[in-house]
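In what follows, a structure is listed as structure tokens, so that the remarks can point back to it.
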Amino acid sequence: MTLESITESESLYNDLEKMTVRELLDSIHEEDKKVLPAVHETIPQVESLVEQVVERMKKGGRLFYVGAGTSGRLGILDASEIPPTYGVGYDLVIGMIAGGDQAIRKAVEAAEDNEELGWEDLQAYGINELDTVVGIAASGRTPYVIGAVRKARKNGILTGCITNNPGSELAEAVDVAIEAIVGPEFVSGSTRMKSGTSQKLILNMITTSLMIKLGKVKGNKMVNMQLTNQKLIARGTRMIVDELGYEEAKARRLLLLHGSVNNVLEAAKNEGK
């Protein structure tokens, strides 16, 4: 087995179909335990990427995730959750998947094999030097992803990647390579498992750190979250009660009037001047 083939290597387990359900679950869990140490090893690279992206975003830059299959879907998931959680626009963190939106639910045959298509898809967003492109691919060999980051880097755009094989072609094509080496999958080659879990954790780290550094969190609260349902309105109301000591009815009224916890806090601060 070469280093580059870890994600495609044989499972450490065999005769899976002969295992009891409990044996399957215990074995999968044992493999999952290997994910956290692997992600921990990537923190210096994640730190480097986040610090650079923060400075670009302060100047108007955006973050693009480019992937295929599971990796592409995870990027889209992370990007789609940032606006409601932190009250930013849907054009700040953008997830792209080989084959377009239809590939989110159903695989699009051979879409990931086109090395030119990733960069072409980025052009629709008017990508520029303030932006950042992060390619996500467990194997580190996906042409759609490699083509996108390679062309982006050539055009002076900051690039990064999240991959699960060491020394991959994708890692060599970017400025900051994040390599979470989680080892063989429980089902040989099924990178939706440990590899996908590690990618989700790293994506969480990247965007959460970015939003905190961009001032979208106060203390430990999501003070800019969108009030899209009653649960979030209730949560925002409690934040205001805790922060300002208002009665619940007043806090709720002000929250709905101003549209976010942060706006209420700012209004209260201005009134106190």
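The values are calculated or read from the model by the stated rules, or taken from the named source; none is laboratory data. Note that the structure is a prediction, hence the values are computed from the model and not measured. As a convention, Cβ positions derive from the backbone with ideal geometry for all residues, glycine included, and neighbour counts pool all protein chains shown. What goes into the accessible areas is simple: the full protein's heavy atoms, side chains included, and nothing from ligands, DNA or RNA. Shrake-Rupley method; radii C 1.70, N 1.55, O 1.52, S 1.80 Å.
Which percent of the accessible heavy-atom area of segment 56-101 goes to carbon and sulfur, probe 1.4 angstrom?
Ligands and nucleic acids excluded, carbon and sulfur give 50 percent.
Which residue fluctuates most in the GNM of the chain (Cα springs below 10 Å): Glu247, Glu81, Glu47?
Sorting by GNM fluctuation, first place goes to Glu247.
Just want the answer: with Cβ charges of +1 for Lys and Arg and -1 for Asp and Glu, which residue in Asn263, Ala234, Tyr246 is farthest toward the dipole's positive end in segment 221-272?
Among Asn263, Ala234, Tyr246, the one farthest towards the positive end of the dipole of segment 221-272 is Ala234.
Based on the Cβ-Cβ distance of Ala124 and Lys33, what FRET efficiency does E = 1/(1 + (r/R0)^6) give at R0 = 45 Å, to the nearest 0.05?
Taking R0 as 45 Å, the efficiency between Ala124 and Lys33 is 0.65.
Can you give the convex hull volume per residue for the Cα atoms of segment 139-264, as a whole number of Å³?
Given the Cα convex hull of segment 139-264, per-residue volume reads 157 Å³.
May I ask you to give the solvent-accessible area per residue for segment 177-249, in square angstrom, as obtained with a 1.4 angstrom probe?
About 48 Å² of surface per residue is accessible.
If you count only protein heavy atoms with a 1.4 Å probe, what accessible area per residue comes out for segment 39-156, rounded to a whole Å²?
47
Figure the gain on full extension for Glu51 and Asp91 (residue separation times 0.36 nm, minus the Cα-Cα span) and round it to one decimal in nm.
Fully extending the segment from Glu51 to Asp91 adds 12.4 nm.
For the chain, with a Gaussian network of springs between Cα atoms less than 10 Å apart, report the residue from Val149, Val223, Val53 with the top mean-square fluctuation.
Of Val149, Val223, Val53, the Gaussian network model singles out Val223 as fluctuating most.
Please give the helix 248-258 orientation as an angle from the longest Cα principal axis of the chain, in degrees from 0 to 90, rounded to the nearest 10.
For 248-258 against the chain, the angle is about 70 degrees.
Could you work out the Rg to Rh ratio of segment 221-272, with Rh taken as the Kirkwood radius (inverse of the mean 1/r over all Cα pairs)?
0.92
Give the range of the longest stretch in the chain that excludes all chymotrypsin sites (Phe, Trp or Tyr not before Pro) found in loop regions by DSSP and having at most 13 other beta-carbon atoms within 10 Å.
126-273
Quick check: from the Cα gyration tensor, does segment 164-215 come out rounded (a/c under 1.5), prolate or oblate?
Judged from the Cα gyration tensor, segment 164-215 comes out oblate (a/c at least 1.5, b/c at or above a/b).
Take the alpha carbon atoms of segment 196-262, find their center, do the same for segment 1-42, and report the distance between the two centers in whole angstrom.
Distance between centres, Cα-based: 37 Å.
Let me know the shape class of segment 6-215, please: from the alpha-carbon gyration tensor, a ≥ b ≥ c as square roots of the eigenvalues, rounded when a/c is under 1.5, otherwise prolate if a/b is greater than b/c, or oblate.
Verdict is prolate for segment 6-215.
In whole percent, and with a 1.4 Å probe on the protein chains, what portion of the accessible area of segment 147-273 is carbon and sulfur?
Roughly 47 percent, rounded to a whole number.
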